[in-house]
Amino acid sequence: MDKSTSKTSKIAAWVLMTINSIFMVICILFAALGIWILSSPNALSKVIEATGNSTVKALTQDILTLPVGIAITSVAILLFFISFMGLRGAITRSPFLLFMYSALVLLLLLLECALLYYFSSNLVEKGLYKDDGLWTHAMRLAFRCCEHNTSIPETRKPPWSCCGPNLYPENCTTALMFQKDCHASIVNWLDRYQLPVYTSLAVFHVAMATCAIIRRSSSTSQSLS
């Protein structure tokens with residue numbers, strides 16, 4: 001194996017070890033958060049309230065539930081093992097681990113793009129959902145918009161997120177609502193940023209898969225020489 005191939009393999013290994021180590025730490029933190037939600041949601045709620053951040057407090061009131069805790073923990077554990085596979089494969093030069101890692105990374109890319117396309121298409125076609133779940137509240141706060149500007153009856157209070165987190169949970173009024181329409185705001189954002197988001201995801205995943213393939217090819221050629 002020549003020096004240039006060896007150097008390329010070392011760079012690929014360094015990239016894999018660095019990125020996957022970071023992701024493993026992040027996954028551990030999210031898994032701990034999920035377990036905390038499952039074991040003691042009341043204690044977590046008190047900690048969140050102590051932060052003093054009105055947006056975080058308002059958004060997290062409805063998500064400290066058993067299904068959310070299970071989902072966060074499961075996804076974090078899955079991504080942890082994929083990252084560990086990449087880290088371990090980069091260190092040991094295991095052809096099997098590196099091949100599986102590259103395949104899983106590309107599958108994750110397809111899954112992420114499919115989910116993004118599904119949710120963005122729904123937002124463009126249908127706008128925000130009529131219920132006031134976490135996703136709907138978060139979108140209103142992120143875009144500082146409200147889809148009820150012209151449709152909400154005067155006798156009914158608008159959702160708190162149409163006025164901002166400081167008016168959580170029942171102090172929002174039609175006079176204080178965000179003036180921007182959510183559908184128009186979301187469509188404008190997607191027109192501007194949808195392509196860069198897809199491109200960034202593709203570049204990152206393909207780069208990681210390529211590093212794994214380079215490291216695997218180097219280990220294979222070394223074992224044959």
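Let me check I've understood the local charge: for Tyr198, count other residues with C-beta under 14 angstrom from its C-beta, Lys and Arg +1, Asp and Glu -1. What total comes out? Net of charged neighbours comes to -1. Dipole orientation for the chain: of the candidates Phe23, Ala175, Leu110, Phe23 has the Cα lying most toward the positive pole (charges on Cβ; Lys, Arg +1; Asp, Glu -1).
Using just its DSSP H runs of length 4 or more, each adding -39500 (n - 2.57), the chain gives a mean residue ellipticity at 222 nm of -26000 deg cm²/dmol after division by all residues. Here the Debye sum runs over all C-alpha atoms of the range 3-224 as equal scatterers in vacuum, and log10 of I(q)/I(0) at q = 0.08, 0.11, 0.18 Å⁻¹ comes out as -0.43, -0.73, -1.24.
Of Thr210, Thr51, Thr73, the residue with the greatest mean-square motion in the GNM of the chain, using alpha carbon springs below 10 Å, is Thr51. This model, with +1 at the C-beta of Lys and Arg and -1 at the C-beta of Asp and Glu, gives the chain a dipole about its Cα centre of some 860 debye. A Förster radius of 45 Å, combined with the Cβ-Cβ distance separating Ala50 from Ser6, puts the computed FRET efficiency at roughly 0.30.
Read-outs: derived from the displayed coordinates by stated rules, not from any lab. Nothing here was measured: the structure is a model prediction, and the numbers come from that model. Counting neighbours? That spans all protein chains shown, and the Cβs are built from the backbone with ideal geometry, glycine included.
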